[in-house]
Amino acid sequence: MPRGDDAQLNAAKRSYKDSVAEGNRQEEARWANVIGDILKNRGEYVEALKWLRIDYEVSVKYLPEKQLLPTCQSLGEVYLRLEFFKDALIYQVTSFVSFNRFFIILLLDCRRPQVKRKKTEVLKHEYFVFLLKELEELKSTKTCAM
């Protein structure tokens with residue numbers, strides 16, 4: 001492990017502790033996610049899950065729902081790498097629901113309800129198909145690192 005990674009991880013942990021001390025929930029979740037991402041990139045998936053779960057718990061309790069999208073994507077990716085496909089799918093579907101709600105809000109500007117409904121259904125279907133294909137590809141090729 002390169003020395004720069006240690007410094008980056010230590011700095012992120014200090015920032016996390018500072019945000020907890022300040023009671024800044026958004027920064028607390030963000031830094032927990034950053035730490036989880038650093039660990040995930042190192043291949044330390046179990047330790048990454050610990051930090052990503054902290055991010056998830058803080059985000060669910062204290063932050064707007066739109067904050068869950070990156071959290072769920074990160075959790076889903078780590079579960080995929082651990083080959084826990086059922087757990088990965090749960091978080092990717094949660095990510096999909098957040099993604100879908102985001103697009104519904106964007107589509108509220110459409111003047112005709114049938115256009116809004118049609119676009120939303122197409123987006124939901126395309127994103128869900130994309131997630132299923134991605135999961136199947138990873139499962140079949142076994143590219144997930146252990």
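Placing unit charges on the Cβ atoms only, positive for Lys and Arg and negative for Asp and Glu, gives the stretch 27-82 a dipole magnitude near 100 debye about its Cα centre. Ignoring ligands, DNA and RNA, what percent of the accessible area of the stretch 5-47 is carbon or sulfur (1.4 Å)? Taking all protein chains in place, the stretch 5-47 shows 42 percent carbon and sulfur surface.
The values are calculated or read from the model by the stated rules, or taken from the named source; none is laboratory data. Fair warning: this is a prediction, and the values are worked out from it, not measured in the lab. Because the Cβ atoms are built from the backbone with ideal geometry, glycine has one as well, and the counts that use them run over all protein chains shown. To get the accessible areas, we keep the full protein, side chains included, count just its heavy atoms, and leave off ligands, DNA and RNA. Shrake-Rupley method; radii C 1.70, N 1.55, O 1.52, S 1.80 Å.
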